[in-house]
């Protein structure tokens, strides 16, 4: 019931924000305002419902240290995607045809902010955290990563390989970022940095969605295993490899910090997350 109540509360904000953004039809100002409002409201609703259902302080979304953690995640996400683009460009599979759209960049800023926050709160804050209490970290990482990847099958140019690639690279990487830090701010920043770099900076396809051009009018070509095909570079083997490398790094840090849950803990509800976050 905890999982259901929390998922419904946060999911409602995500649904309303998504519908409002769709109605804005990529209008730069409207999409930016709606996206930022959704990004701010989502953690607040999550904190409220956690207090109501678990009777504890939601330390995973504590404001202290949040800007720095988001900033670190942002740098990692942009840097990782830049490495993917560099490798594709080296092979001649990524080319820039000029500058893109300033309006599109502004709209993508709001859209990606909302997507990063709502998805991380839903999949890592609610789903992963509660499943981990029952199954341990490693099983939760695999299960929730798979659910996260398969959730992208509803996108316009979705493929089964693209969904599995996201399950491996992003499900593991973002879950690992949460385990290593026991807060949602680093994975939120990482998620936003990756997605915004993909569309807002380099102008490529994002998870098979039809997004406007960002800063650059970029084009990806070449064999689908390397370029990602119509799904975009998230389905590239380069993305999978770099995602797995970051997952290993985050889980190594989590192990060193004694934040990996090997089995179900029978302490009070939510107490494990609170303990590990300290």
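The values are calculated or read from the model by the stated rules, or taken from the named source; none is laboratory data. None of the values given here were measured: they were computed from a predicted structure. Methodologically, a virtual Cβ is constructed for each residue, glycine included, from the backbone with ideal geometry; neighbour enumeration extends over all protein chains shown.
Quick one: residue 203 ticks every box in (1) under 15 Å from the mean Cα position of the chain (by Cα); (2) closer than 26 Å to residue 102 by Cβ bar one, so which box is it? So residue 203 meets the others, but not (1). Out of 172, 125, 162, 203, one residue alone is farther than 21 Å from residue 226 by Cβ and touching a residue at least 24 places away in the same chain (Cβ under 8 Å). It is 125. Just one of (1) in contact with a helix residue (DSSP H, G or I) (Cβ under 8 Å, 6 or more places away or on another chain); (2) assigned to a helix (DSSP H, G or I); (3) at pLDDT 90 or above fails for residue 260. It is (2). Candidates 36, 30, 74, 41: the one that is out of contact with any strand residue (DSSP E or B) (no Cβ under 7 Å at 6 or more places or on another chain), in a helix (DSSP H, G or I), without any contact (Cβ under 8 Å) to a residue 24 or more places away in the chain and surrounded by 15 or more Cβ atoms within 10 Å (Cβ to Cβ) is 30.
Residues that are in contact with a helix residue (DSSP H, G or I) (Cβ under 6 Å, 6 or more places away or on another chain) and either part of a helix (DSSP H, G or I) or surrounded by 23 or more Cβ atoms within 10 Å (Cβ to Cβ) (or both) within the stretch 144-160 comprise 144, 145, 146, 148, 149, 150, 152, 153, listed in sequence order.
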